[in-house]
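Beneath this line is the structure, given in structure tokens, with notes to follow.
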Amino acid sequence: NIFFFLRFLHLFYLLFVLPCTKPNPKKRMRTNTRVDAAKVLAPRFMQHADIENMEWSIQKDVGKRQQLEDEKDLSAILFAITRGSSSRASDALTCFLSNDNNAAINKKVLGVLSKENKDDQICRLLIEGIRASIDHHTTGGQRTIAAETFVKNVVTACLFKMMQEDVDASDYAISNAIGASRHQIQCGKDRVEELLTKQTTVTALERKERKDKIRIKVEAYIFDFLKDDSYTRLDTKQGLADVIDPKTAETITVHRRIWRNVNKRQQHLLFLSSDYYARFRQDHNQATVGYDVWHDALANVGGFVSKPLNESCVDEKISTMNYMRASGKQVHINLLIE
């Protein structure tokens, strides 16, 4: 009987008593975390310390090694207190730094963070400086060779590291960052690829000749043509006009003039048969001027020449006949020349 009684007690212990004595794994984890935090906290505080009225002592900065040890201890304490919650940890640090008793710590932390912000500000200003310099040398019409070379070199420098490390970035994103056009960016990529492939350095660049060179060069000859009394005459009914001399690029004052021939096609033919056109071809390797080129150049420099204004109703027919007679005579001369 005693044997069976002892056997019963043993089974009762195994079935009912022992499971109740085993700790909960989650509870054990929380307990261990608190114990670990306590092991770190205990040596750091004096006995009966007043947490609410702590005063920080001003001491010299410690070495880098000690800073790393303190950082590990602080991380363990913060992780244990906040149960590993990042939001709770950030809120705790924010409240800690905003406390008036911790003003000295807050000041130093902000000083370190502001230093990092200054570095970011320098990077931002450098990017904005590149964008402003490209914009300064791009706007304003035709660029000089020096300005074109400067823009190409800046774009090349911006793309060098990206091309070297094969960074995938769209032309649109790069254009928004530095302000260069997509054509300039593509030229910069081709140039960097050539530099990296051939292991060479940049060379002097020469700008290609403009496609509208003829339009620009012929403006001076058309300007002199418009001032010739054989093709235009002074208009006493109109006053003076300020125009830009294509030869000197200076503003001069001339008297307004009117066409002797009001037909636009015949005006072009008159110019082609004039000495001014012959001199233009001689100076520019026998270049020719079509009607479209003539029309565009005339719009730039011929603002002071206009069609004849209508006279009184009595003289209107006679005036028109005089103009037509003069125009027909000149056209007849042109046909003979051709």
Selection status of Ala103, open to solvent by less than 80 Å² (accessible area, probe 1.4 Å) and at pLDDT below 80: yes
Residues that are under 24 Å from Gln266 (Cα atoms), in contact with a Phe, Trp or Tyr (Cβ under 8 Å, 6 or more places away or on another chain) and charged (D, E, K, R), drawn from the range 223-248: Asp224, Asp228
Extreme residue, modelled with the lowest pLDDT, among residues of the range 40-82 that are aromatic (Phe, Trp, Tyr) and farther than 17 Å from Ile105 by Cα: Phe45
Hits in the range 220-246 - residues which are out of contact with any Pro (no Cβ under 7 Å at 6 or more places or on another chain), open to solvent by less than 60 Å² (accessible area, probe 1.4 Å) and among the aliphatic types (A, V, I, L, M): Ile222, Leu226, Ala241, Val243
Matching residues, the range 139-198, being among the small types (Gly, Ala, Ser), in a loop (DSSP other than H, G, I, E, B) and within 18 Å of Gly129 (Cα to Cα): Gly179, Ala180, Ser181
Extreme residue, nearest to Trp56 (Cα to Cα), among residues of the range 66-88 that are open to solvent by less than 80 Å² (accessible area, probe 1.4 Å) and part of a helix (DSSP H, G or I): Asp70
The range 247-279, residues that are of a type in the set (A, V, I, L, M, F, W, C), under 42 Å from the mean Cα position of the chain (by Cα) and either assigned to a loop (DSSP other than H, G, I, E, B) or buried (at least 18 other Cβ atoms within 10 Å of the Cβ) (or both): Ala249
Criterion (in a helix (DSSP H, G or I) and exposed (fewer than 13 other Cβ atoms within 10 Å of the Cβ)) met by exactly one of Asp135, Asp91: Asp91
Failed item in (1) open to solvent by 80 Å² or more (accessible area, probe 1.4 Å); (2) modelled with pLDDT of 85 or more, with Lys115 passing the rest: (2)
Hey, Ser133 among the hydroxyl-bearing types (Ser, Thr, Tyr), more than 29 Å from Lys60 (Cβ to Cβ) and at pLDDT 80 or above or not: yes
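The values are calculated or read from the model by the stated rules, or taken from the named source; none is laboratory data. Treat the numbers as computed from the prediction; the structure is a model and nothing was measured. Positions of Cβ are generated from backbone atoms using ideal geometry, with glycine treated the same way; all protein chains shown enter the neighbour counts. For the accessible areas, the whole protein counts, side chains as well, though only heavy atoms, and no ligand, DNA or RNA atoms are used. Shrake-Rupley method; radii C 1.70, N 1.55, O 1.52, S 1.80 Å.
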